[in-house]
Structures are given as structure tokens and as C-alpha cells.
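Asker: My questions all concern the structure below.
The values are calculated or read from the model by the stated rules, or taken from the named source; none is laboratory data. Note that the structure is predicted; figures quoted are calculated from it, not measured. Backbone-built Cβ (ideal geometry, glycine too); neighbour counts: all protein chains shown. When the accessible area is computed, the model is the full protein with side chains, heavy atoms only, and any ligands, DNA or RNA have been set aside. Shrake-Rupley method; radii C 1.70, N 1.55, O 1.52, S 1.80 Å.
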Amino acid sequence: MNSLRTAKRFWLPLLGLWFLLYASFSLLKPPLLDGVDSVQAEAAREMATAGDWITPHLDGVRYLSVSPLLTWATALSFKLFGVTDWAARLPLAFAALALFIVTLALGARMFLTPVAGFYSALILITSSGIFLFSHLLYPQVVLTLWVTAALYFFWRSTRAPSLGTALGFALCCALGTLTQGPAGVILPLATVVLFLFFTRNLSHLLRWHPVIATAVFLAIALPWRLAVHSANPRRPYFSALPRVWNTPLLLFWAFLLLFLLPWSFFSIAALTRIPRLLFTRPVAAAGAKLDCKQQAQILLVLWLVVTTLFFSFWNRHEFSALPALPALAILAAGWLAEDEASPSPLGRIFAWIFAVLGIATAFAAVVLALHAPFPGFAVDIATLLHLHSGHRLFFGYLRDLTLASMGAFRIPLLVAAAALAAGVVANLVFRLRGHARLANCFLAGMMAFLLIAAHIALNTFSPVFSSAILAEAIKPEVGAGDAVVIQGRYEDASALGFYLEKRILILNTPAGDLAPGSSASDAPPVFVDLNDLAKLWNGPGRVFLWTTPDAAPQLPAQSYLIGRDGGHQIVSNEPNNGGAAF
């Protein structure tokens, strides 16, 4: 009965927090962004429409760079609920929920207390990295789920190497490969092998039903790859990789901590407590003498190191750090659970640091919000920004912000300031009074409101990220025989294809995401040049050209500005008939 009450006390607030942050307002706004977000959604929409569940297509072109598992899940969601923004995001919301549940279970098992499990899930739910990328159609959150679940099954197997845990591990690795290729199996398997090496227990692999587990892994991971190779013999799976721009290495490492603020302070505190002798083989030779906490520390550190090193040299982006976050979260959770039982002076030191930094940041946010001129509700946010071209980092758009643009973010700035001030002060007060759990809950509440404020800011900024507003505005004007043309790469305005549910033409030589599949014999002629555009422009049909004001091509006849938003514009060879609205 006591355990049931304990479970309810932890589960109900966590489920409520998940619903608030992941399954309510954030499913609806902002619109899908240009680039990976709407590319993934459009590939899923075309899969659901065409019924080809083997070869994904984008704009009618074979496109093998999307995550197959996420594409299937999104296409199924479209089949069940219709083609909407929230239906596109729903699979990721449930993947995040599953991640929190698995992390809760793993944290509780590693540190032998439900308090550690509660903090593990709470930290991840309020992680800015998990929150942001659970609302964008990137596969990293799903990969994080499978890596965490695989290591959960392994951890259970260290107590008893059963067939069930071996099959669970194999299943998660296979689903991981269907989510993000080789990373799905390399990360958990390398972590497991290194753990067994340091604990002098490599024979565990032989007892853990390796033949059956390998057969299950291959039975799940191989069929789609064989089928897609058979359907695309000249275009094998690994030949169509997305364009890679690596985040600077030190910045990538910094995101490991930034995505978990303020909890990463406790992760660092936990790491400093781990004896270095745990990773020396002479001490580890007596693996049976290592207690559960010590073994957990070894596994978590190896998980963190393997993931960080792997993505430091392969496809390094800010969001590549996500699969390491559960390890940091569980380390912090173990420290917080121990701090509840035996308070550490470091907890009060951290509370003072949070208070000073939080109040200073809140004051700066209030100053920016109140002193920047309010631009009004109908202003184009792009007119207030200093736009840069060729952003190679996801967060590179922050460079576009100006002092004048802060007025457009007045509401999220004030919400963030209030959350910071209340959160850090309450955390300090309750820390000083010896109520550690209440202090930590105020930190979590602070982070929840900060994430809501960040989401409001992202929605305000979304016209720069997304062509959705332009697409929805011209949708009443676009007929079945009309042409919609993007000047640039498809991914520069990929939201047009999703919201218009129409094939898009690209004014460019074959490049970008569509280039690998454009050479296939059945590829539609989506790439056009200036001569092709001139024929369309002077033809009987209507043409809508997406471009930027400073890079519009020389058009062969009169053009009409249909609308401008987010630093982009739509021009046409005919004026509006009254259907489009901006």
C-alpha cells in the first residue's frame, strides 16, 4: 500500500507536467519549420497518400535521408488523425513520454530508490533540449528513447541475464538503427562492452543469449534495408545522406550542459564524487565487490563518454547531444536523492549561485522587455531583425536578434523574468530551511515556465523559420494546374509543400535534399531553370514564386507582389483574385 501511494505521488505530477509541456499547446504551435521539420512531415504525408511504405518520397522524388521509423509513425498518425501539425508531432510526444518512463525506471533501479527515478524523469521533462526537439520532427529524441531502453534492459540483465532482457536489448538496438542508422546499435553496444570490460565481466555476453539476440536484431533491422535496396538498386540506403555541417566541437560539448540547465550543476557535482579508481582495471577486477551505486556510476559515465565521442566525430550537431542527456539526468538524480537523505553544503552553494544568476538574468529580461519599443501585433518580425544568410547551426538564428526586436518578445521575456525570480528565490529559501525536495520542485516549476516562455518566443520568431504563413495565405488562390516555384533549395521553403499538399518546382540546378533522387528514371522534373520559368510565367497558368526580396530573379514579364513575411515573399504572374489574405 505504501509503495502504491509512493508511485502515485511521483507519477501523477510527472504525467501532469508531460501533458502540460508536451501534449497540449505545444502540439499546435508554431507551424512546421522549413528544413528537416517539414521535410520529415512531407515525406510522411506522401507516404500516407501514396501507400509506398518502403521508399520515402519527397516532392515526388525518392528520398532516403529521412528516419524510416519516424516517417512510418508520422504517416500512421496522418492516417488516423488527418494531415495536421499536431498529428505530425503526436508520435514524438508519446516517444518523449516513453523516454521519461524508461528513465524513471532506470534511475530507480540504479540508485535503489524511487526518489532517484522521480528526479531522473523530472530533469528530462524540464530539459530544454528534450522539450525543443520533441516538438520538431528530428529523430534524436526517438534515438534517445531506444538507447535508454536498451541500457535499461542491460542493467536488468546484470542482476540476472535472462532471455527477456536480451530480446529487449536486441529489439531496442534494431529500432534504434531504423531511427538513426548505425548510431542506434553502436551507442548501447559500445557502452555495454566497455562496462563489462572495466568490471571484468565480459563473459556476461556469452551468458546473455547472444545468438538469439543477434537473430532478433537482424530479423527486425534487416528486412526494410533489403526491401529498400531491392526497390532502389542503384541508390542504396547510405548513399543518400543529408548535408552535414558540424557544430564547433567545444560548442557541441557545451550543449550537453546547456540543455540540462540548471540540473547540469548537480550532474557535475555527481561526476566529481565518482572515484577515479572505479575505472582502473585492478580495482575493477573484483567486479563482484562493486556495489550497485558504483556499477551505476561506471555505466552512466561510459554512456556519457561513448555518446559524446561518437557524435564528436560523426554528424555533429547541437541536437546530437540528446542521447547523452539521460545519463547526465540520472547522475544528477542520484546526487539529489542522496542529498535529500543527507543534505550537502553544495546544495546551498548551488542555490545561492542560482539566486544571483537568476535574479540578474530576470532583471536584464525586464529591462529588455520594457525599454525596447513595442512594434505592434501585425508587424513582420523580419523587419526588426538583422538577418544573416546561410545559418549552419540550428541556434544560429539567435545572431539575427536586435535590440529593436526585443519588443516583439515582451510577453515571453516577462514570463521568463517572473519564473526566474520566483523559482530561484523559492529554491534558495527552501534550501536554507532544509526542504530539499520542495526546493527542487520549485526549480522544476521554474523550468516549466521558462520552456513555455521559450515556446512563445519560438512562435513569434516562426515566420523567419517557416513558410507556413505564406503557404496558408496563398492556398485559396492556388489551383490544381498552377505552379509553385522555390528559388533555392527545396528545404529552404519546404513548408510550402506540406501545407499546400502540392508538388513544388525548384528554380535551381539539382542540389540539396532532392538532388540524390532526382536522377532516378521515375523522378518527376522538379528542377527548372530560368528558361523554364519564363515559359511558365508567360503561359496560361498561374505561377507563384517564393523568393527573398534582395535575390529575386529577373522575370520575363510583369510580376505582382502577393505577400511578404519573415524575410521572404511570394510574387506571381497574375494579381490576386481576392482569395489570398496577408
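Asker: What are the pairs, 6+ residues apart or on separate chains, where a residue within segment 517-534 that is over 9 Å from Ile506 (Cα atoms) has its Cβ under 7 Å from a residue that is in a helix (DSSP H, G or I) and open to solvent by less than 60 Å² (accessible area, probe 1.4 Å)?
Answerer: Once the first residue is over 9 Å from Ile506 (Cα atoms) and sits in segment 517-534, its partners that are in a helix (DSSP H, G or I) and open to solvent by less than 60 Å² (accessible area, probe 1.4 Å) give Ala523/Gly517.
Asker: While we're on this one: For segment 95-178, please list each of the helices (runs of 4 or more DSSP H) lying entirely inside it that holds at least 2 residues being modelled with pLDDT of 95 or more, over 29 Å from Phe25 (Cα atoms) and open to solvent by 10 Å² or more (accessible area, probe 1.4 Å).
Answerer: Because the criterion is at least 2 residues that are modelled with pLDDT of 95 or more, over 29 Å from Phe25 (Cα atoms) and open to solvent by 10 Å² or more (accessible area, probe 1.4 Å), the helices (runs of 4 or more DSSP H) in segment 95-178 that meet it are 140-157.
Asker: Now for a different question. Assess whether Val216 counts as being among the β-branched types (Val, Ile, Thr), out of contact with any Leu (no Cβ under 6 Å at 6 or more places or on another chain) and surrounded by 14 or more Cβ atoms within 10 Å (Cβ to Cβ).
Answerer: When the stated conditions are applied, Val216 does not pass them.
Asker: Do we have Val192 as in a helix (DSSP H, G or I) and within 18 Å of Leu328 (Cα to Cα) here?
Answerer: Criteria met by Val192.
Asker: Please enumerate the residues belonging to segment 341-351 that are closer than 14 Å to Arg433 by Cβ, open to solvent by 20 Å² or more (accessible area, probe 1.4 Å) and either basic (Lys, Arg) or part of a helix (DSSP H, G or I) (or both).
Answerer: Passing the criteria: only Arg348.
Asker: When you go through (1) closer than 22 Å to Leu145 by Cα; (2) outside any helix (DSSP H, G or I); (3) free of Cβ contacts under 8 Å to residues at least 60 places away in the same chain one by one for Gly16, which number turns out not to apply?
Answerer: (2)
Asker: Out of (1) modelled with pLDDT of 90 or more; (2) of a type in the set (A, V, I, L, M); (3) open to solvent by 20 Å² or more (accessible area, probe 1.4 Å); (4) farther than 29 Å from Val36 by Cβ, the odd one out for Val424 is which?
Answerer: It fails just one condition, (3).
Asker: Separate question: Taking only pairs six or more apart or across chains, which ones have beta-carbon atoms under 8 Å, a first residue in segment 456-474 that is within 10 Å of Leu33 (Cβ to Cβ), and a second residue that is among the basic types (Lys, Arg) and surrounded by fewer than 19 Cβ atoms within 10 Å (Cβ to Cβ)?
Answerer: As it stands, the answer is Ser462/Lys29, since those pairs meet every condition given.
Asker: Have a look at Phe252, Phe266 and point out the one that is open to solvent by less than 60 Å² (accessible area, probe 1.4 Å), at pLDDT 90 or above and among the hydrophobic types (A, V, I, L, M, F, W, C).
Answerer: Within the list Phe252, Phe266, the selection yields Phe266.
Asker: Every residue in segment 19-70 that is in a strand (DSSP E or B) and hydrophobic (A, V, I, L, M, F, W, C), please.
Answerer: Leu58, Val61, listed by residue number.
Asker: Please verify whether segment 85-94 includes one or more residues that are assigned to a loop (DSSP other than H, G, I, E, B) and in the same structural domain as Leu136 (by the TED database).
Answerer: Scanning segment 85-94 turns up no residue that is assigned to a loop (DSSP other than H, G, I, E, B) and in the same structural domain as Leu136 (by the TED database).
Asker: Would you confirm, using the coordinates I've provided, whether Phe354 is modelled with pLDDT of 95 or more, crowded, with 22+ Cβ neighbours inside 10 Å and over 26 Å from the mean Cα position of the chain (by Cα)?
Answerer: Criteria met by Phe354.
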